[in-house]
Amino acid sequence: MPHHDCDVIIVGAGPTGFMTAFLLQRRGISFRIIDKALAPSRESRAAVMSARSLELFASLGLSEALLAKGIITQQIDFHIAGRRAGGLNYDLCAIDDSPFPFILMIPQSETEQTLLDALASGGGQVERGVELVGLVSDAEGVDVEIRQGGETSRLRAAYVVGADGGHSTVRHLHDLSFDGAPYAQNFLLGDVRVKWENGHDHFRIFMHGERIGLFLPLAGSGLSRVMTTDIGADNGAASSAAAGSDQRGGTREAGDAAAAPLELDELQRAFSSVAQVPVTLDDAQWLTKFRTHHRCVDRYRVGRTFLAGDAAHIHSPAGGQGMNTGLQDAANLAWKLAAVLQHGAPESLLATYESERLPVARETIAFTDKLFSLAAGQSGWRARLRDALAPVVVGPASHLAFVQGKAFRRFGQLDIRYGENPFIAPSGPANAPARPGMRAPNAQLSRHQDLFDWLTGFTFQVLFLSRKRLSPPQAAALLETLDGLTGEFVNATLVARLTVGGHPGVVTVTRKDVFDHYGLANDAAQALLLIRPDGVIAWRGDNNDFSPLAAFLRRFWSVAAHSQR
Ligand SMILES: Cc1cc2nc3c(=O)[nH]c(=O)nc-3n(C[C@H](O)[C@H](O)[C@H](O)COP(=O)(O)OP(=O)(O)OC[C@H]3O[C@@H](n4cnc5c(N)ncnc54)[C@H](O)[C@@H]3O)c2cc1C
C-alpha cells in the first residue's frame, strides 16, 4: 500500500476545518490541516451560535470558554416601519431539552480562536500559507498537490476533507456543480459602536420598505454588528452577473466582499433609514459590502474526498445558519472517519455523511431563502403590505409560547432529523419523542444534574433508562451488562429510579423529565438507546434485552477490531 503522510488532510482552517481537526485529534486520528491564508481572519463574520452548536462544544468541554466570550440573548425584537412589533422571547417557550435555551452572539474569530487553542493544547497546528492546488484519488488514498512559498510538493492521505469555503478548490478540482443563484441585493455590514436609545442587549431586526436591517450585540468591546441590505446597489447588474455566472462557483459567493469598499457614512444612512430611530454609528472596526448566494453541491463525497461547510452549501445570512451548519457537517463526518480508520467500520458508513447532511443543506437553503425573501425580497406594494400586515401578525404571535418554541427549535437546529439508513435503525416505538435519527434530548435529572453531563466526550453512548424502580441486584446486573459494552469509543450510563437509596454507578433521578423527554410513559417502562458521538440516536429498544443492541453495535466495528477492544 502506498505510504500515507497522515490519515486525513483537511483543506481550510475556518470553523468547519477547525472542528473537523479537533474532533479527529480527540479520536487520535493523524491529520494535517492546511490553509492558504498566512494568518487567521480577524473578521467577526458569523455572529450567531446555535443551541445545537453549543451542545457540540459542551460535549467537547469548550462551551464555557465560548459563553465567557459571547453575549447571551433570549430576545429577538422586530421593528417594522419604525415601530416595535413584538418578537421572539425564548423565556416564554420554556425550552427544557437543551442546556442552551438562548442565542449566543459571538464573533466567528472568537469561535475559531477557541478551537485553535483547543487544537494547540493537544499539539495540533494549522499549516499556514499552504495552498491545495491539485488532487488525485485512487482506491487507497488521495494525492494532494500543495503550493507553499512558490514551491510545489505532494502529500498523500487516506482521506481529504474540503473545508475550503465558498470558492472551494476541492469542489472545483472535482468539477462538482454548485447550483443556485446570487441574491439581487448586496449587504452592508459593520462592526461599530451604536449610540441610540434601544440598548445593547437584544438582537433586533428592522424592516422598512425594501430594506432589512439587523442589530446584533457583540461582547466586550462595546461594539455591535449592524447589517442592512443595500438597495442602492445596481441590482440589474447583479442579476445579469447571475445570469452569466459560472455555476461552479466562479462568481463572488457568500460573504465575498463586494468590489466597492464600504464607508461608515453609507452604512449610517442605510441603517438610519431602516431603523427609523435616531441612531449614530461610529468607531468602525470592520466595514464590508458583500453579496450572498444560495448554492449547494449535489454530492458531498467523491471517492475519498468529502466536502463540508461553505464548500458544500452557501446561503443568505438570514437565520444565522451558515457556520452552524458547517460545524454540524464536521461533527457528522469526523466520527465516521474515525470509526472507519481506527475501528474497522465499513466504508458504507461514510456514504451516510452525504445521505444525512445533503438534505439538511437543501432544507437550510430553502428555509433561509424563505426568510430572506419575506424580509428583504419585497419591493413596492408588496413591501408596503408586509409593513402594514406584519405588526398585526407578529405582535400577537409574540405571545404564543408554541410559536416561540417552534422558532427557537428551528433556528437552534434542534429538530434536524436523519432518515433511516444501515446505521440508523428503525427501532423502538414509532411515536416515541426520542427516536432513531433524532437528536438525543437533554433533561434535568436532579437539581444539579443534567443528562448531558453524562453524554459527553464525543464518543458513542449506550444509555439505559429505567423508570421502573430497580432493586440493588437488578442495578448491579444491568451495570455489569453495560460494562461489557463499553470500550475506547463507547461509554455507558444507567439512569434509573431505585427501590432503595443510591447505588454506585447508577445515575439516580429525582425528576421525571428524562422519562417524559424519552417517552417512558409508565412506571414499568425501560429503554435502551445507542447515541452516536454527534448526539444522534442510532438505535432504541424499549426493554432490557441487550442482544439486538450488541448486534447493531457490531455494524460500527469490524469483528477483528471489536474483539481487540
Ligand atoms: C461578511 C460575512 C458575514 C457573514 N455573516 C454570517 C452570519 O451572520 N451568520 C452565519 O452563520 N454565517 C455568516 N457568514 C458565513 C460564515 O462566515 C461561513 O458560513 C463560515 O465561515 C463557513 O466556514 P467554513 O469553515 O466552511 O469556510 P471558511 O470560513 O470560508 O474557511 C475556508 C478556509 O479555507 C481556506 N482555503 C480556501 N481555499 C484553499 C486552498 N485551496 N488551500 C488551502 N486553504 C484554502 C481559506 O483561506 C479559509 O480560511 C458570513 C460571512 C461573511 C464573509
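All of the numbers you see were taken from the coordinates with simple rules; none came from a lab. All values derive from a computational prediction rather than experimental measurement. For neighbour counting, all protein chains shown are included, and Cβ atoms are generated from backbone atoms with ideal geometry for every residue, glycine included.
For segment 447-464, the Karplus equation 6.51 cos²θ - 1.76 cosθ + 1.60, evaluated at θ = phi - 60°, returns couplings of 3, 10, 9, 10, 4, 5, 4, 9, 8, 10, x, 6, 10, 5, 10, 9, 10, 10 Hz by residue, with Gly and Pro reported as x. Working note: 222 nm ellipticity from helices only, DSSP H runs with n ≥ 4, each -39,500 (n - 2.57), summed and divided by the residues of the chain, gives -10000 deg cm²/dmol to the nearest 500. Projecting the Cα atoms of W454, V500, L549 onto the charge dipole of segment 444-564, computed from C-beta unit charges around the Cα centre, puts V500 farthest toward the positive end. Taking the Cα centre of the chain as reference, the dipole from Cβ charges on Lys and Arg (+1) and Asp and Glu (-1) amounts to some 1100 debye.
Each of the peptides 164-170, 90-96 was scored by the mean count of other Cβ atoms within 10 Å over its residues; in descending order, highest first, they stand as 164-170, 90-96. For segment 444-564, give me the percentage of DSSP beta bridges that are antiparallel, rounded to the nearest 5 percent. Taking every DSSP beta bridge with both residues in segment 444-564, the antiparallel ones total about 50 percent. Using the Stokes-Einstein relation with a Kirkwood hydrodynamic radius computed over Cα pairs, the translational diffusion coefficient of the chain at 25 °C and a viscosity of 0.890 mPa s comes to 98 µm²/s.
Could you order the peptides 10-22, 426-438, 521-533 from most to least packed, using the average number of other C-beta atoms within 10 Å per residue?
Listed from highest to lowest mean packing, they are 10-22, 521-533, 426-438.
Note on the chain: antiparallel DSSP beta bridges, both residues inside, total approximately 70 percent of the bridges counted.
Amide H contacts under 5 Å for V536: A440, restricted to partners 5 or more places along the chain or on a different chain, H placed in the peptide plane at 1.01 Å from N.
Annotation: amide H-H contacts under 5 Å for L262 (H modelled 1.01 Å from N, sequence separation of 5 or more, or interchain): K289. Under the criterion of Cα pairs below 8 Å and six or more residues apart, the relative contact order for segment 444-564 equals 29 percent.
Within the chain, the longest run free of exposed loop sites, counting GluC sites (Glu not before Pro) that sit outside DSSP helix and strand states (H, G, I, E, B) and have at most 15 other Cβ atoms within 10 Å, spans 1-139.
Taking every Cα-Cα distance in segment 444-564 and sorting them into 10 Å bins from zero, the calculated P(r) comes out as 13, 47, 33, 7, 0 percent. Peptide packing: for 500-509, 286-295, the average count of neighbouring Cβ atoms within 10 Å per residue gives the ranking 286-295, 500-509, highest mean first. Using alpha carbons only, how many degrees (0 to 90, rounded to 10) separate the axis of helix 472-485 from the longest principal axis of the chain? Result, in degrees: 70.
For segment 11-81, the set of trypsin sites (Lys or Arg not before Pro) satisfying both a DSSP loop assignment and a count of at most 13 other C-beta atoms within 10 Å is given as R42.
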